[in-house]
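Input: a single structure, listed below in structure tokens.
The values are calculated or read from the model by the stated rules, or taken from the named source; none is laboratory data. Worth saying up front: this structure is predicted, and the values here are computed from it rather than measured. No Cβ is skipped: glycine too gets one built from the backbone with ideal geometry, and neighbour counts run over all protein chains shown. These accessible areas exclude ligands, DNA and RNA; they are computed on the full protein's heavy atoms, side chains included. Shrake-Rupley method; radii C 1.70, N 1.55, O 1.52, S 1.80 Å.
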Amino acid sequence: MVARDGIEPPTPAFSGPRSTTELSGLGILPRERAPRAAKIARRARASQLRLPVGKGNMVPSVDGAFENVEPQYSNPHALAPNHLSACGILGALKAVERQAGMIRARVVFGLLLSTTFCCAVAQTRPSSGLTPGEARATRGLEAAKKMGPGELYAFLKPMPKGADLHLHLSGAVYAETFIAEAAREGLCVAFIARGNPVTPEGQRAARFVKPLLDQPNHCAPGQVSATFALHHQPLYDDLVDSFSMRAFVPTEGIDGHDQFFATFDRFGGLKDDAGEWLDEVATRAASQNEQYLEIMQTPAFSAAKGLGDLIGWPVDADHSVTTAELAHLRNQLLTAGLRDEVAADEKEFAAAEASRNAIEHCGSTASESPACHVRVHWLYQILRGFPPEQVFAQTLLGFEVASADPDVVGINFVMPEDGYISMRDYHLQMQMLDYLHSVYPKVHISLHAGELAPGMVPPAGLGFHIREAIDLGHAQRIGHGVDVLYEDRPGALLKKMADQHVMVEVNLTSNAVILGIEGSAHPLHAYMAAHVPWALSTDDEGVSRIDLTHEYARAVDQQQLTYLDLKRSARTSLEHSFLHGQSLYSTPDDFAHRNSACAAPITASSKPSTACAALLSANERADAEWELERRFALFESSIH
């Protein structure tokens, strides 16, 4: 099994001291008091004007009344992304960009918040423009929020959520599943001495190890069988805490970043039971009214790695590499047999799906699990923390697999972005993607970029990752994007993302526990102000001990999001998914105008017309989006 982020790289030489901000377990801290600018933003959002009834698309609601379908942006007077400068934000940012150093980013953040009088912060409509169903849902959400976390979670759990586009398979599995599997496999448990290995491991950290001579439960001195944990609660607790952020408290030299990334190697001795893991995440998704999962997974790539090591890397290409050199290297790898591993990887993905289908009894009308109706596609996960010859070979393999297997819809780079090699070779890796995209233009790309915070790396390291991921890496989506306001020329970058419809995968809990970034420090509202599309996702729900409903609740509680904000997040998740085919909507991110074939009202009991059914059957993405609208109609009609 290759874990979410592979092997922890050596202590970064490029990175500065990590943040000293203390995290508490899941990072659920008392909400920071919002600055005055944020209060102004909320007042501006509440006072935004809407198109009067009759000016938008008129469709009958589930209540029978005719309603306006939500337009693209929340303020009819707010300009589209390519005209943002007219409302002042980019003009102010351009002036600020002449300032030096990190002061620039702090001023930019203040300007982004304070200019919301003319640029809408939220993606929602005020109460005067709500449909009857949306008004009921809004009132229900506000009431639940006042009653406490449990009521808020209970309200949000059945809400349709579309897709989770950012989750790593091994990181999505809960520790309890790993412990049960280790007991069945007869693995052993070894406690880790602090400081061995060099990466701090914390108190009473434990990991799975193979038994002696591969004989189940035959453990070395000082080790115990994993089955012992099923009868010994203290050991069971130690394992759960070692594999997750549960009960984690920062100590000297060990922060949330260390604990989070250390967990993957600790359960790495398990067999890769991807089918069982897939069933777990799909079942959890179905219980929360999710429709689609785009799961990151690293299949076997040992042959590609070996070829990369054998062929090597071009001389004098330590910091930059030419297209000609990459083309030559690709030809060498393919000639040497790299494509031979494509079939093996396709088989690995197919086996996981077949195992999941068997567990869930998919296709059996009598005993089929609801999880069978959660669609799953894969993103080929590439480990960025290794030498360039290995990264290029694995990336080439990923593009080849995604070109051959329709269930593998794209690629992504993983491992800590602040790692030494990840920082050193970032530009080099984006050049690899620039070349491979030219060869395989149909392969989708989503990239972890900007999963950094001040203090983790030198200021210069915060200034270019998101921009290069888009300009060189051809990223259609950005995972995390937390340091966007510390990038060089952040206003221009945000405008580019809005103009090009580059979506941000927002992982609130992950950003809190790994980076110490939450509350008003999170850039979500800056993205919203600039009309950059975004959607909530989980990242590693097993390690963080969360689910997507938790992220929706956190967004309401800590980011002050409304029901319509959450509704747009769900719609955006499917609009920017890598599901096959065209969108249900005639214009990207404009949820007011559907394809003419499916323009008829969608209610809880709707059936698509003949023309619409033909469109949906030919386009996987449009089909999922139509179903999401039906689920919203059903959910909103159920609220009284």
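Odds and ends about this structure:
- Protection proxy ranking, highest mean first, for peptides 606-617, 431-442: 431-442, 606-617, where packing is the per-residue count of other beta-carbon atoms within 10 Å, averaged.
- Pairs from Lys146/Lys495; Lys161/Lys496; Lys145/Lys607; Lys347/Lys442; Lys146/Lys567; Lys271/Lys305 whose Cα-Cα separation, in the structure shown, is over 24 Å: Lys146/Lys495; Lys161/Lys496; Lys145/Lys607
- Put simply, the amide H of Trp534, placed in the peptide plane, has neighbours under 5 Å in Val504, leaving out anything fewer than 5 places away on its chain.
- Positive dipole terminus of segment 334-402, leading residue within Trp378, Ala336, Ala393 (C-beta point charges): Trp378
- Here the Karplus curve 6.51 cos²θ - 1.76 cosθ + 1.60, taken at θ = phi - 60°, turns the phi angles of segment 589-600 into couplings of 6, 9, 7, 8, 10, 8, 3, 4, 5, 10, 6, 5 Hz, with x standing for Gly and Pro.
- Residue-normalised accessible area of segment 544-629, expressed per residue, 1.4 Å probe, Å²: 30
- Rounded to the nearest whole Hz, the Karplus-based 3J(HN,Hα) values (6.51 cos²θ - 1.76 cosθ + 1.60, θ = phi - 60°) of segment 371-377 follow the sequence 5, 4, 8, 8, 6, 9, 10, with x at glycine and proline.
- Packing-based order for 286-293, 316-323, using average beta carbon neighbours within 10 Å, highest first: 286-293, 316-323
- Calculated FRET efficiency for the pair Ser367/Asp237, C-beta based, R₀ 25 Å, to 0.05: 0.10
- Placing +1 on the Cβ of every Lys and Arg and -1 on the Cβ of every Asp and Glu, with nothing else charged, gives segment 232-277 a dipole about its Cα centre of roughly 60 debye.
- Inter-part distance where segment 562-593 and segment 323-354 are each reduced to a Cα centre, Å: 33
- By definition, a body whose alpha carbon gyration tensor gives a ≥ b ≥ c is oblate when a/c is 1.5 or more and a/b is not larger than b/c, and segment 228-371 fits this oblate description.
- Once you reduce segment 478-522 and segment 435-477 to the center of their Cα atoms, the two points are 12 Å from each other.
- Just the protein heavy atoms count here, and of the accessible area of segment 205-272 at 1.4 Å, carbon and sulfur take up 57 percent.
- Proximity of backbone amide H atoms, modeled 1.01 Å from N, is registered between His448 and Phe413, Gly479 at under 5 Å, excluding neighbours fewer than 5 places apart on the same chain.
- Evaluated with a Cβ-only charge set (Lys, Arg +1; Asp, Glu -1), segment 397-549 carries a dipole of roughly 400 debye about its Cα centre, given to the nearest 20.
- HN-Hα J in Hz across segment 257-274 - Karplus 6.51, -1.76, 1.60, θ = phi - 60°, x for Gly and Pro: 4, 4, 4, 4, 6, 6, 4, 5, 6, 5, 9, x, x, 6, 5, 7, 8, 4
- Nonlocal amide H pairs with Val443, under 5 Å, H built at 1.01 Å: none
- Distance from segment 138-174 to segment 373-410 (C-alpha centre basis), Å: 30
- Point-charge dipole on Cβ atoms (K/R +1, D/E -1) for segment 497-552, about Cα centre, debye to 20: 140
- In terms of packing, defined here as the mean over residues of other Cβ atoms within 10 angstrom, the peptides 389-402, 232-245 line up highest first as 389-402, 232-245.
- For Ser403 and Ala599, the FRET efficiency from 1/(1 + (r/R0)^6), where r spans their Cβ atoms and R0 equals 41 Å, is about 0.70.
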